[in-house]
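So the structure is just underneath, and the comments pick up after that.
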Amino acid sequence: MARVDPDCGVTVERALAEAERALREAGVDRPRLDARLMLTAASGLGLERLVGAPRAELPKDAASRYRAMVSRRVARAPLAHILGRREFWSLDLLVTPDTLVPRPDSETVVEAAMTLLEDRLRGWRVLDLGTGTGCLLLAVLSELPNACGFGVDASEAALAVARANAERLGLATRAAFARGDWTAPRGETFDLVVANPPYIREGDIATLAPEISQHEPRLALSGGRDGLDAYRLIVSRLGGQIAAGGRGVFEVAAGQAAAVEQILVQAGFSPLFRRRDLAGNERAVAFLAADAP
Ligand SMILES: C[S@@+](CC[C@H](N)C(=O)[O-])C[C@H]1O[C@@H](n2cnc3c(N)ncnc32)[C@H](O)[C@@H]1O
């Protein structure tokens, strides 16, 4: 019997229906939407064109790219890792399995930072600790035309993604990136420090969706036994890095704001305000460094 070519005569309609079924069986949240988004990426055709021509046959190479994408999603790889991008603060960012997928919740940190820097035209110096894709730093710089900043991460692979994002967004002349253990290169001080540290309690990671627990970098997730290890380290190293009278914003998990403020107070910083995300959880903690004596 002749071998059946798996891509022979695959219509848009059939490709979408089969993918949707496989994704639903795998427990994916929005199987239809994900199937459509992957098909537009695999085929290079717009959603309207695909939906408007259900009987059109997919080119063989597009069908095979689509199959590979659907298999990864069935294995619960995050959609952003498969598509290789995610929108954050209206910026189109590259994302890889080496980086945390930027979350809408983290836009709360950017909003809080903007309320702290009233004069948008000043040459603010910004430090982003644990920069990942660079999303926080690049979002802040996109709002402040004369600011420049530093993104620090322990992962060289994540830093490569952050640098590529700065280039793509035309921000590379104002954004530098370096490897560090919660510290920027020596001797520099910053007007604003932002950080979205790993804050999930180690014991909780296995209970999260497979997209997170099995596919996002452990280094980006684990905050140790109580979820607060990274905050303690960051705050203990902040002294030489934040300017006198400088400001900071940390992202926190739901329920962590008071504990993080306590860590800040014990180190001599003054909590300013908390900001809630769209789900109503306290998501960002803003604080002030003491003025110079
Ligand atoms: C929760 S992710 C946040 C990434 C990005 N800022 C965001 O908001 O999407 C935490 C980041 O901290 C980095 N990280 C973990 N340990 C670190 C350390 N000791 N020093 C610097 N960065 C670290 C991870 O590699 C990861 O990119």
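Out of all DSSP beta bridges with both ends in the chain, state the antiparallel percent to the nearest 5. Before the final figure, lay out the partial values.
On the way: 16 of 36 bridges.
DSSP beta bridges in the chain are roughly 45 percent antiparallel.
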Problem - DSSP-loop trypsin sites (Lys or Arg not before Pro) across the range 181-272, with at most 14 other Cβ within 10 angstrom - result: ARG186, ARG225
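Of all accessible surface on the chain at a 1.4 Å probe, what whole percent is carbon and sulfur? Before the final figure, lay out the partial values.
Details: 7280 of 14110 Å².
Looking at the chain in its full context, I get 52 percent from C and S.
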Exercise for the section: Note down the nm distance, to one decimal, between modelled labels 7 Å out along Cα→Cβ at ASP226 and at ALA160. Expected result: 3.8
Handout entry: Dipole of the chain, positive direction: furthest Cα of GLY44, ASN146, LEU94, with charges on the beta-carbon
Key = GLY44
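In deg cm²/dmol and to the nearest 500, what is the mean residue ellipticity at 222 nm of the chain if only DSSP H runs of at least 4 residues count, each as -39500 (n - 2.57), divided by the residue total?
Working: 12 runs with 113 residues, N = 293.
The helix contribution divided over the chain gives -11000 deg cm²/dmol.
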Handout entry: Efficiency of FRET between ARG21 and THR207 - r from beta-carbon atoms, R0 30 angstrom, step 0.05
Key = 0.65
Handout entry: In nm, spacing of pseudo-spin labels at SER64 and ARG14 (7 Å Cα→C-beta vector)
Key = 1.8
Problem - Among ALA290, THR207, SER71 - extreme Cα towards positive end, dipole of the chain, charges at beta-carbon - result: SER71
Problem - Backbone N under 13 Å from the ALA178 label point (7 Å along Cα→Cβ), restricted to the range 140-155 - result: 149-153
Exercise for the section: Beyond 17 Å, what share of the Cα-Cα pairs of the range 1-125 is found? Please give it as a whole percent. Expected result: 64
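Could you give the dipole magnitude of the range 165-293 about its Cα centre, charging the beta-carbon of Lys and Arg +1 and that of Asp and Glu -1, in debye to the nearest 20? Working shown, then result.
On the way: 14 positive and 15 negative charges, 37 e Å.
It works out to roughly 180 debye.
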Exercise for the section: Take the chain, connect every pair of alpha-carbon atoms lying under 10 Å apart with a spring to form a Gaussian network, then pick out the residue of ALA62, ALA178, ALA230 with the largest mean-square fluctuation. Expected result: ALA62
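Taking Rh as the Kirkwood radius, which is the inverse of the mean 1/r over Cα pairs, what is the Rg/Rh value for the chain?
Numbers: Rg = 21.7 Å, Rh = 20.6 Å.
Here Rg/Rh amounts to 1.05.
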Completion exercise
Rounded to whole Å², per residue accessible area for the chain with a 1.4 Å probe reads 48
Fill in the blank from the handout: So, with points 7 Å from each Cα along the Cβ direction, the ARG55-GLN214 label distance in nm works out to 3.9
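The values are calculated or read from the model by the stated rules, or taken from the named source; none is laboratory data. Model, not experiment: these values are computed from the prediction. Using ideal geometry, Cβ is built from the backbone for each residue, glycine included, and neighbour counts are taken over all protein chains shown. The area values use the complete protein model at the heavy-atom level, side chains included, leaving out ligands, DNA and RNA. Shrake-Rupley method; radii C 1.70, N 1.55, O 1.52, S 1.80 Å.
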